[in-house]
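What follows draws every value from the coordinates through simple rules; no lab data is involved. Please read these numbers as outputs of a predicted model, since none were measured by experiment. Cβ placement follows ideal geometry from the backbone for every residue including glycine, while neighbour counts extend to all protein chains displayed.
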Amino acid sequence: MKMKLAPLFGIEAVAFLLIIGETYLFFNFVVPLGPIPHSLTVYTGLALLKLALIIALVAVWFVVMIGLTRFYVGEKLRNAPKPSS
Amino acid sequence: MPSGLVEFGLLLLSFAVPLLAVLIGLPPFLGFLANKGWTSDDAHKNPPTKVPEPAGPILFLAALVGEIVVAIGFRSWVPVAVILGAAVAFAVGLTDDLFVLGGKTKPLLLLLAGVAFVSLVVIVPGLYQPLITFPILGDTAPHFIIYTVLAVVAFPVVSDAFNMMDAFNGEISWFTFLASLALLVGVSVHAAYRSGFSLARVGATLPLVAVAAGFLLFNRYPSKAFDGDSGSLMFGAMFAGLAITGGVEIAAIIAIVPAILNSFYTLSSVRGFVERRKMLSRPTYIGSNGLLYPSTEPGAPNTLVRLVLLAGALSEKDLVKNLIYLTMAACLFSVAISVLTWVI
């Protein structure tokens, strides 16, 4: 049974590697992004850019995980076990 | 500040006291619940059996006693902050156990646990370091505001993730026990390799490990006790608080990846926060042979359990074993991350 779990171990590994990578990008590049804003326009633009980048990071995680899961579920449902009765 | 043998004795006490509190306090409390008729159907048995619920109040009291031992023994505010967040989550969970809260109300109320936790920063500025330490790459720059906002949000996210891992006999207790062990290793390695890191933060982790270990004896298959939302939400809030005060955020997230994936699958397939009692279709069902099968309905919510069962129908006991394997894998990776972060 443990071997049957191998695809799920793989999905788990992808999930946490993405979490580490994206958290690193978030704290090291997105949060400190840009110069100290001198005007409201620059401040607003920078804030919106950061927001867009955060949404993009989250979206990447979602898309990858949904893609992997749909692939796994699709493959398994073709041979889904049926109740014995 | 205690040192040497005294520190070791305090650490031992902060594990032993909550463990004994669960082992001694839970049996009479379960009898009380059964006498009052406060039981739930063990839905995955055929026919369903009645199990006393919620055991959360005793689990919370045991954790509270343990954190008090750490707070007094180490003269630290860290356990106070941890148990404060856990107390709010416990109160939200108990309200849900008694009156059933809406799917959206619960996470919103759980934000208060995060607010209670971070509000102690006013009294204790060093409660947490507002930075993340990555394996090999090291520390990020401190970002107080963004870190604090994320810390507040972490409470409902982690608490709900724990709550969603509470569906089968022994699932929540095994999951909490293994994840808290990985957390304990992370915080201990952090304490051992970074100077100035208080041992109280290690001590504060021990009551969670002890309570989960004690509860495991009652909750494992076949369950003699269910924790209820009061127990599972409290476990999650304690875990979140300890990860933040212990400075082991990355390792902690890795340890609970199975729960995060489970929440993500559920939320993305039912498209939002829906109270589990109100889900239109079930992700799994019991066959006439007593085995659990994945639902093949197109609209069935995806849960981690459904994905595991897609690999083959299982008895409840074997299903929980498989969930434990997935959690063990995540916890081993979490320990490796802790070593890579603090030792290398």
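Quick notes on this structure:
- Distance violations [Cα-Cα > 24 Å] among A:Lys4/B:Lys317; B:Lys106/B:Lys321; A:Lys76/B:Lys317; B:Lys36/B:Lys224; B:Lys104/B:Lys317; A:Lys76/B:Lys104: B:Lys106/B:Lys321; B:Lys104/B:Lys317; A:Lys76/B:Lys104
- Computed across region A:13-76, the Kirkwood radius stands at 13.5 Å (inverse of mean 1/r, all Cα pairs).
- Residues with amide H under 5 Å from that of B:Thr39, placed H, sequence gap 5 or more: B:Glu53
- Cα-derived Rg to Rh of region B:220-344, Kirkwood definition: 1.01
- C-alpha long axis of helix B:171-193 to longest principal axis of chain B, angle in °: 20
- Normalised size of chain B, defined as Cα radius of gyration per 2.2 N^0.38 Å with N residues, equals 0.96.
- Computed over Cα pairs, the Kirkwood radius of region B:31-131 leads via Stokes-Einstein (0.890 mPa s, 25 °C) to a diffusion coefficient of 155 µm² per second.
- Spatially proximal aspartates and glutamates relative to A:Lys50 (Cα-Cα < 17 Å; intrachain offsets below 8 disregarded): A:Glu22
- The Rg/Rh ratio for the protein assembly as shown, using Cα coordinates for both the radius of gyration and the Kirkwood hydrodynamic radius, is 0.97.
- In degrees, nearest ten, helix A:6-25 long axis to first principal axis of chain A (Cα): 0
- Mean per-residue shielding of peptide A:5-16 is 6, counting Cβ atoms of other chains within 10 Å of each Cβ.
- Part-to-part distance (alpha-carbon centres) for region B:27-63 and region B:117-151, which is given in Å: 38
- 11 Å cut-off, amide nitrogen to a point 7 angstrom out along B:Ala34 Cα→Cβ, residues in region B:217-234: B:224-225
- Acute angle (nearest 10 degrees) that the helix B:228-246 long axis makes with the longest principal axis of chain B, alpha-carbon atoms: 30
- Each peptide in B:114-123, B:72-81, B:227-236, B:169-178 was scored by the mean count of other Cβ atoms within 10 Å over its residues; highest first, the order is B:227-236, B:169-178, B:72-81, B:114-123.
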